[in-house]
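Report on the following structure.
The values are calculated or read from the model by the stated rules, or taken from the named source; none is laboratory data. Just so it is clear, the model here is predicted, and its values are computed rather than measured. So basically every Cβ, Gly included, is an ideal-geometry build from the backbone, and we count neighbours across all protein chains shown. The area values use the complete protein model at the heavy-atom level, side chains included, leaving out ligands, DNA and RNA. Shrake-Rupley method; radii C 1.70, N 1.55, O 1.52, S 1.80 Å.
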Amino acid sequence: MSYSEDPIPNFHELEANYSTGHMTVPVVGAGTANTEFEVLTGMGLQFFGTGEYPYKTILKETDCESIASDLSKLGYGTHVVHNNGGNFYSRANAFSMMGFDTFTSKELMNITEYTPLGSWPTDDILVDETIKSMDATPDQQDLVYTITVQGHGDYPTEKVIENPEITVSGAKDEATNNQWEYYVNMVYEMDQFAGDLVKAVEDRGEPAVVVFYGDHLPTMGLTAEDLKSRYLYNTNYVIWDNIGLEQQDRNIPAYQLMADVMNRLDIHSGTLFNYHQQRQNSKNYLSDLELLQYDILYGKQYAYKGN
């Protein structure tokens, strides 16, 4: 396929100047919550049952160490911002069980702009909502986990956007071309959000790191042969900062992303994240990771001395 112009210029500029790479995610086409779970906890979904969503199973029964609880111990305020319903994927419960202080969901936002199909809110509202979360704790550093929704499917086979910013050509038939054109124009607006968010964070004048990542590829009947990376479970990430971090491009699994970011910041808090930082090149890294995850969620919590 080809496009009338680059749909994601901000993201490409970030990739050219900051650390980036492919991120291996546990899902394709759907299942955002499981990629989220890996990023936030450092746990790998390969050790859970087939088709399981920890948000809707074990996190209904027990709390779980996460990037939020680990940074809370260092004095951070911890927040989630999401322009969708708070109970989708049982997120309101899950984020509480993972130790977040606040969760600003769709119900708490004054949303007026929606996608052309009317299915989802546009993402531009998330810039102000993210900044609001940081402003709410003027005497603390903050972790804000912002979840976008504008690029979500389904994608219409008929032409919905009469005068699209980006025109798409080259798909196998008109219906598929319409789907990709709709998707690309939603991603184009999401890219504008990404650029606006970086500018808003930069304008605050505080030391900051912003991590962008994709949760999964879209539901478009893609095959591995359609992709440059030749792998359906790869998405892209980029790490922007204003503190002079060295650019280090590498491919990593989702459950190592936060450990990698914290390591660059010389933060070594948390059982799972510390484990990834210390052990990821060791002989029994994955088998021991499975045992550690089991102990924390289902076992006797030897990692916490049973307490």
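Structure data summary
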{"item": "Pairs, first free of Cβ contacts under 8 Å to residues at least 60 places away in the same chain in the range 254-269, second open to solvent by less than 20 Å² (accessible area, probe 1.4 Å) and β-branched (V, I, T), C-beta under 7 Å, six or more apart", "result": "D260/I252; V261/I239"}
{"item": "Residue, most open to solvent (accessible area, probe 1.4 Å), within the range 251-265, restricted to residues that are in contact with a helix residue (DSSP H, G or I) (Cβ under 9 Å, 6 or more places away or on another chain) and not in a helix (DSSP H, G or I)", "result": "P253"}
{"item": "Cβ pairs under 9 Å, 6+ apart, first in the range 1-14 and within 20 Å of Q247 (Cα to Cα), second open to solvent by 50 Å² or more (accessible area, probe 1.4 Å) and in a helix (DSSP H, G or I)", "result": "N10/Q192; N10/D196"}
{"item": "Matching residues, the range 259-306, being within 20 Å of the chain's Cα centre (by Cα) and closer than 12 Å to E65 by Cβ", "result": "G270, L272, F273"}
{"item": "Test: residue in the range 266-285 that is in a loop (DSSP other than H, G, I, E, B) and aromatic (F, W, Y)", "result": "no"}
{"item": "Every pair of residues 6+ apart whose Cβ atoms lie under 7 Å, when the first sits in the range 283-303 and is under 13 Å from L45 (Cβ atoms) while the second is open to solvent by less than 80 Å² (accessible area, probe 1.4 Å) and assigned to a helix (DSSP H, G or I)", "result": "L289/Y275; E290/F47; Q293/F47; L297/I58"}
{"item": "Qualifying residues in the range 230-250 (those that are acidic (D, E) and in a loop (DSSP other than H, G, I, E, B)) - the one most open to solvent (accessible area, probe 1.4 Å)", "result": "E246"}
{"item": "Subset of the range 147-178 (residues that are open to solvent by less than 40 Å² (accessible area, probe 1.4 Å) and under 30 Å from S72 (Cα atoms))", "result": "I147, V149, Q150"}
{"item": "The one condition in (1) out of contact with any strand residue (DSSP E or B) (no Cβ under 8 Å at 6 or more places or on another chain); (2) assigned to a helix (DSSP H, G or I) that E38 fails to fulfil", "result": "(1)"}
{"item": "Enumeration of residues in the range 97-110 that are surrounded by 15 or more Cβ atoms within 10 Å (Cβ to Cβ), of a type outside the set (F, W, Y) and either more than 15 Å from V149 (Cβ to Cβ) or in contact with a helix residue (DSSP H, G or I) (Cβ under 8 Å, 6 or more places away or on another chain) (or both)", "result": "M97, M98, G99, D101, T102, T104, S105, M109"}
{"item": "Matching residues in the range 72-92 - criterion: being within 27 Å of H268 (Cα to Cα) and either charged (D, E, K, R) or open to solvent by 10 Å² or more (accessible area, probe 1.4 Å) (or both)", "result": "S72, K73, L74, G75, Y76, R91"}
